[in-house]
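Inspection log for the structure reproduced underneath, given as structure tokens.
The values are calculated or read from the model by the stated rules, or taken from the named source; none is laboratory data. Small disclaimer: the values here were computed from a predicted structure and weren't measured. Virtual Cβ from ideal backbone geometry, glycine too; neighbours counted across all protein chains shown.
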């Protein structure tokens, strides 16, 4: 079963939705226009139920099939928020708001799920219930967690859940999916190393926090090289090192460090936190300094359930054809808050090809509208295959 003909017919309309969302980006939970657009369309499609305000600004639509003998209920999720950055694409539908841009393709994800919703509401060729999840605040706001904690899974009876993300570099019309851990946990650390400042020409009268900070950054790399099983993964990246003074003849009182820690295993995650704190404290002390540490756990590991990942691959093959689905790919060290939904219910997260485009989170990125029929067809085929009509 290739791309469904209905989505080829709907492509101009869905593309208009996508570009309208792209032109009017909104951030995190502050999505009044996007949420209202999604709500309006779901009601126009004839969804049996449309609920707003789930997880603060999420929207949920419910479509019931021709029958419900199976008792099954499948959730399909798309994220709606943009990124706080300026767009440099020069497109006629580029962002109209300075400092806001759909640089990750959430405009495309939302449009594809809306397209699938329109088709499913028209045909209802399945036995069970589909729950359409339009999520806020994926970009650092943990909107997936907020929706789960708002009781979404229980309220709508969701038994399994699936999400999709575009992937630049993956050819158009192809999919990628794997069982097990597919994306990393993302934790954040902020450190202030304090010494005693003074004149740069009199280093013997100060306690210089800069060498302590430099030594700390280097020592933290031993977490990966000497504390973690080489077969497993951890990334410790210190991305910020700052002093308050910009003067070249001043030794400051303190140095601020900040960075991210990525892991694919909860035991490694726990161990890394302990070792990182120990290394920072002991290294600072060795230089006569003190260290204030703020270690914040972010999104957990995104783990695809094996049976659901296999189903997603089977559906993708039906849409894209044999040989166009990359199954069992290595995990990536990026993070995704769909992980919270996969902790609450079995399911899978799949990638759809965005072709030869700029990478996500880049000011020249743009979602490839030609990917829309593939994404829509995947969602629709998944529902019809998982809950076949009696």
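Just need a number here: residues in segment 283-306 that are in contact with a strand residue (DSSP E or B) (Cβ under 9 Å, 6 or more places away or on another chain) and in a helix (DSSP H, G or I). Summing the residues that are in contact with a strand residue (DSSP E or B) (Cβ under 9 Å, 6 or more places away or on another chain) and in a helix (DSSP H, G or I) in segment 283-306 gives 4. For segment 275-290, indicate whether the set of residues that are within 30 Å of residue 173 (Cα to Cα), within 26 Å of the chain's Cα centre (by Cα) and in contact (Cβ under 8 Å) with a residue 40 or more places away in the chain is non-empty. For segment 275-290, residues within 30 Å of residue 173 (Cα to Cα), within 26 Å of the chain's Cα centre (by Cα) and in contact (Cβ under 8 Å) with a residue 40 or more places away in the chain: absent.
A single member of 240, 223, 255 is touching a strand residue (DSSP E or B) at 6+ places or on another chain (Cβ under 6 Å), in contact (Cβ under 8 Å) with a residue 12 or more places away in the chain, in a strand (DSSP E or B) and buried (at least 17 other Cβ atoms within 10 Å of the Cβ), and it is 255. Just wondering, is there one or more residues in segment 339-348 that are more than 20 Å from residue 133 (Cβ to Cβ) and touching a helix residue (DSSP H, G or I) at 6+ places or on another chain (Cβ under 9 Å)? No, that holds for no residue. If only residues of segment 193-209 that are in contact (Cβ under 8 Å) with a residue 24 or more places away in the chain and surrounded by fewer than 17 Cβ atoms within 10 Å (Cβ to Cβ) are counted, the one that is nearest to residue 266 (Cα to Cα) is 196.
Looking only at residues in segment 338-362 that are assigned to a loop (DSSP other than H, G, I, E, B) and under 19 Å from residue 137 (Cα atoms), the one that is farthest from the chain's Cα centre (by Cα) is 362.
For residue 278, are the conditions met, namely being out of contact with any strand residue (DSSP E or B) (no Cβ under 8 Å at 6 or more places or on another chain), surrounded by fewer than 20 Cβ atoms within 10 Å (Cβ to Cβ), modelled with pLDDT of 95 or more and not assigned by TED's automatic domain parsing to the domain that holds residue 160? Considered against the rule, which asks whether it is out of contact with any strand residue (DSSP E or B) (no Cβ under 8 Å at 6 or more places or on another chain), surrounded by fewer than 20 Cβ atoms within 10 Å (Cβ to Cβ), modelled with pLDDT of 95 or more and not assigned by TED's automatic domain parsing to the domain that holds residue 160, residue 278 comes out as yes.
Restricting 320, 309, 316, 335 to residues that are under 20 Å from the mean Cα position of the chain (by Cα), under 25 Å from residue 370 (Cα atoms), at pLDDT 95 or above and surrounded by 15 or more Cβ atoms within 10 Å (Cβ to Cβ) narrows the list to 309.
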